[in-house]
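Beneath this line is the structure, given in structure tokens, with notes to follow.
The values are calculated or read from the model by the stated rules, or taken from the named source; none is laboratory data. Computed from a predicted model, the values in this text were never measured in an experiment. In this analysis, Cβ positions are derived from the backbone assuming ideal geometry, glycine residues included, and neighbour counts consider all displayed protein chains.
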Amino acid sequence: MTASRPEIVAAPDAIAAAVRDARGRGRRVGFVPTMGALHAGHASLAAAAATACDDVAVSIFVNPTQFGPHEDFHRYPRALEADCRLLAEQHVRWVFAPPVEAIYPPGHATRIVVEGPALPLEGAIRPGHFSGVATVVQRLFQLVPADRAYFGAKDWQQTVVVRRMVADLGIPVEIVVLPTVREADGLAMSSRNAYLSPVDRRRAVGLHVALLEAERDWSTGVAPEAIAAGMRRTIEAHGIAVDYATVVDPESLQPLSAPFASAVALVAGRLGTTRLIDNRLLAADRRPGAAP
Ligand code: PAF
């Protein structure tokens, strides 16, 4: 059976009406917010949405407010045709691809302020980034009033910030976070991998290698600070400039408060002008001495 092409919708009123109409007829709607340049990670989110829901909407919008002034907004890859082909394979019903003015009307002056888990790590290195993410995601949730929204665990801090915002603002959507999809050598899939030169592409696996070492060290009882230092050494040994390498509480993103709590190892680094992030959850029950 040939997969049918999703309907491309640009008008906010049209997507909102289509989703409300489907839900009014008792259909479950899943939503995958993206910035396009889709890869197998996005495909896995759309596939999970299509399995659990009757209809799936995917938004493609390169959100200007989450990029800093010297970041890659202008060169961020845009590939609507290829994206629609990939989404057709996943039985996506609607692609919501709004113009900038539909999300940010002329004269717009309102932003969501996010604190707590939005402040460290990416929040410290990219000031304003999570405010931009929260603002656009809240607007997208208004326009695509789905039952469930799907996010990838690769952007761990983003998933924490979005879940916090949904709880704080009482947004009626269930957030589903799915595992990171990786290349054969373990590099986390990212639209930004396309920027890497062949040499940097080989080096980039250093982030994944460091996280595997972190997981091994975690399960042999190494202290979080020593795990973080080990990750930093491994990443640097691969020729990657480290922005951070840390082991923190998976919800607050603050230092661990209990010896046998779950943790997340988070890393970010730069290869030339390309910035990559990755993470790995470290389960409490893999820590020696943890209660069975
Ligand atoms: O993860 C992304 O692609 C973006 O941050 C998101 C959630 C689509 C908001 O622009």
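Whenever a residue of the range 32-44 is on the phi < 0 side of the Ramachandran plot and modelled with pLDDT of 95 or more, its partners that are charged (D, E, K, R) and more than 10 Å from the ligand (Cβ to nearest atom), lying with C-beta atoms within less than 7 angstrom and at least six residues away or across chains, give the pairs Leu38/Asp83. For the range 229-236, check the following and say yes or no: at least one residue is surrounded by fewer than 17 Cβ atoms within 10 Å (Cβ to Cβ), out of contact with any Ser or Thr (no Cβ under 6 Å at 6 or more places or on another chain) and over 19 Å from Leu282 (Cβ atoms). Yes: the range 229-236 contains one or more residues that are surrounded by fewer than 17 Cβ atoms within 10 Å (Cβ to Cβ), out of contact with any Ser or Thr (no Cβ under 6 Å at 6 or more places or on another chain) and over 19 Å from Leu282 (Cβ atoms). Inside the range 122-146, residues that are surrounded by fewer than 21 Cβ atoms within 10 Å (Cβ to Cβ) and not in a helix (DSSP H, G or I) make up a count of 4. For the range 27-58, a residue qualifies if it is within 14 Å of Ala146 (Cβ to Cβ) and either more than 16 Å from the ligand (Cβ to nearest atom) or not in a strand (DSSP E or B) (or both), and the qualifying residues are Arg27, Arg28, Val29, Leu45, Ala46, Ala48, Ala49, Ala50, Ala52, Cys53, Asp54, Asp55.
Write out, first by first residue and then by second, each pair whose Cβ atoms fall under 9 Å of each other, whose residues are 6+ apart or on separate chains, and whose first residue, in the range 63-74, is near the ligand (Cβ under 10 Å from one of its atoms) while the second is in a loop (DSSP other than H, G, I, E, B) and of a type in the set (A, V, I, L, M). Listed pairs, sorted by first residue: Asn63/Met35; Gln66/Met35.
Taken over the range 13-43, the criterion of being over 19 Å from Tyr76 (Cβ atoms) and either crowded, with 19+ Cβ neighbours inside 10 Å or touching a Cys at 6+ places or on another chain (Cβ under 6 Å) (or both) is satisfied by Ile15, Ala18, Val19, Ala22, Arg28, Val29, Gly30, Phe31. Given the criteria modelled with pLDDT under 95 and among the aliphatic types (A, V, I, L, M), does Ala3 qualify? Yes: the conditions hold for Ala3. Applying the condition of being assigned to a loop (DSSP other than H, G, I, E, B) and free of Cβ contacts under 8 Å to residues at least 40 places away in the same chain to the range 151-178 and asking which residue is farthest from Pro77 (Cα to Cα) yields Gly170. In the range 191-212, the residues that are under 21 Å from Pro77 (Cβ atoms) form Cβ pairs under 6 Å with partners that are of a type in the set (Ser, Thr, Tyr), at six or more places apart or across chains, as follows: Arg192/Thr274; Tyr195/Thr274; Leu196/Thr274. Any residue that is surrounded by 21 or more Cβ atoms within 10 Å (Cβ to Cβ) and either more than 12 Å from the ligand (Cβ to nearest atom) or over 25 Å from Ile277 (Cα atoms) (or both) - is there at least one of those in the range 106-115? Checked the range 106-115: at least one residue is surrounded by 21 or more Cβ atoms within 10 Å (Cβ to Cβ) and either more than 12 Å from the ligand (Cβ to nearest atom) or over 25 Å from Ile277 (Cα atoms) (or both). Here His91 passes the criteria (1) more than 15 Å from the ligand (Cβ to nearest atom); (2) touching a helix residue (DSSP H, G or I) at 6+ places or on another chain (Cβ under 6 Å); (3) assigned to a helix (DSSP H, G or I) except the one numbered (3).
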